[in-house]
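Peer 1: Handing you a structure now.
The values are calculated or read from the model by the stated rules, or taken from the named source; none is laboratory data. Predicted, not measured: the structure shown is a model, and the values here were computed from it. Every residue, glycine among them, receives a Cβ derived from its backbone with ideal geometry; neighbour counts consider all protein chains shown.
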Amino acid sequence: MHLAALGKQQGWWQSYELANFATYVGLEADAVRVKDYQCTVIPGLLQTPDYARAANDVIVPPPTEERVAEHTEVRLRRQDRLTQEPLLNFWVVLDEAALHRVVGGPAVMRAQLDRLIEVATLPNVTLQVIPYSVGAYPAMDTPFNILEFDDQVPSVVYVEGLVAWLYVERREDISTYQRVFRQLCAIALNPQESIKLTARIGSEYKRA
């Protein structure tokens, strides 16, 4: 009922042509905490403009220049939640592969990893990286977001696919995702070690 009432309000994202993704942006705007696991790409909330544009350029079917610009703008506006009240508590776990995958070229990646390190210093942001040395681990090929809310609103898990978006709402399924996320945090490097690894990989892009 709470989310339905909010749905009657005009959100900033409703002026964009986001199709089904508008639902996620609306939920994220009302969330107090997001737990994000990504195995191949940097999360949208942490992307630089150049990285976001490069990521949008490879969407199938190819988007127009206007659509790329619009999607990039939406990603950047979503990032306001990290620095403006009410602050979003954002906890992200990244596979090391996301730091090595060259999206947009070495210069773009250098700036992107610098951005990761900068944002990781915010008190409401936690960054952890799962190093290659860990080997196999749960859900290593299934990125997902857990959105948590205030006011007794139950959590929602968002899983994005190539042509479809899945919202998991069953309490038992959400508990499974929560348990997996805790396991990912346990095997990942701690935040300080994660920043050091990110900086080391970033220095390789600078040499490139």
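Peer 1: Among the candidates LEU147, LEU116, single out the residue that is surrounded by 14 or more Cβ atoms within 10 Å (Cβ to Cβ), in a helix (DSSP H, G or I) and hydrophobic (A, V, I, L, M, F, W, C).
Peer 2: LEU116
Peer 1: Which of the residues that make up region 137-167 are in contact with a Pro (Cβ under 8 Å, 6 or more places away or on another chain) and modelled with pLDDT of 90 or more?
Peer 2: Within region 137-167, VAL159 is the sole residue that qualifies.
Peer 1: Only one residue in VAL157, VAL153 is surrounded by 12 or more Cβ atoms within 10 Å (Cβ to Cβ), in contact with an Asp or Glu (Cβ under 9 Å, 6 or more places away or on another chain) and in a loop (DSSP other than H, G, I, E, B), so which one is that?
Peer 2: None of the other options fit; the residue is VAL153.
Peer 1: Just need a number here: residues in region 122-144 that are in contact (Cβ under 8 Å) with a residue 12 or more places away in the chain, in a loop (DSSP other than H, G, I, E, B) and within 17 Å of ASN89 (Cβ to Cβ).
Peer 2: Residues in region 122-144 being in contact (Cβ under 8 Å) with a residue 12 or more places away in the chain, in a loop (DSSP other than H, G, I, E, B) and within 17 Å of ASN89 (Cβ to Cβ): 2 in total.
Peer 1: Is there a residue being in contact with a helix residue (DSSP H, G or I) (Cβ under 8 Å, 6 or more places away or on another chain), in a strand (DSSP E or B) and of a type in the set (Val, Ile, Thr) anywhere in region 31-43?
Peer 2: Yes: one or more hits.
Peer 1: Return the residue satisfying two criteria in turn: it lies in region 130-144 and is under 15 Å from GLU96 (Cα atoms) and in contact with a strand residue (DSSP E or B) (Cβ under 8 Å, 6 or more places away or on another chain), and of such residues it is surrounded by the most Cβ atoms within 10 Å (Cβ to Cβ).
Peer 2: Among those that are under 15 Å from GLU96 (Cα atoms) and in contact with a strand residue (DSSP E or B) (Cβ under 8 Å, 6 or more places away or on another chain), it is ILE130.
Peer 1: Yes or no: ILE187 out of contact with any strand residue (DSSP E or B) (no Cβ under 8 Å at 6 or more places or on another chain) and β-branched (Val, Ile, Thr)?
Peer 2: It is false that ILE187 is out of contact with any strand residue (DSSP E or B) (no Cβ under 8 Å at 6 or more places or on another chain) and β-branched (Val, Ile, Thr).
Peer 1: Would you say GLU17 is within 21 Å of VAL108 (Cβ to Cβ), at pLDDT below 95 and either in contact with an Asp or Glu (Cβ under 8 Å, 6 or more places away or on another chain) or acidic (Asp, Glu) (or both)?
Peer 2: Taking the combined requirement at face value, the residue does not satisfy it.
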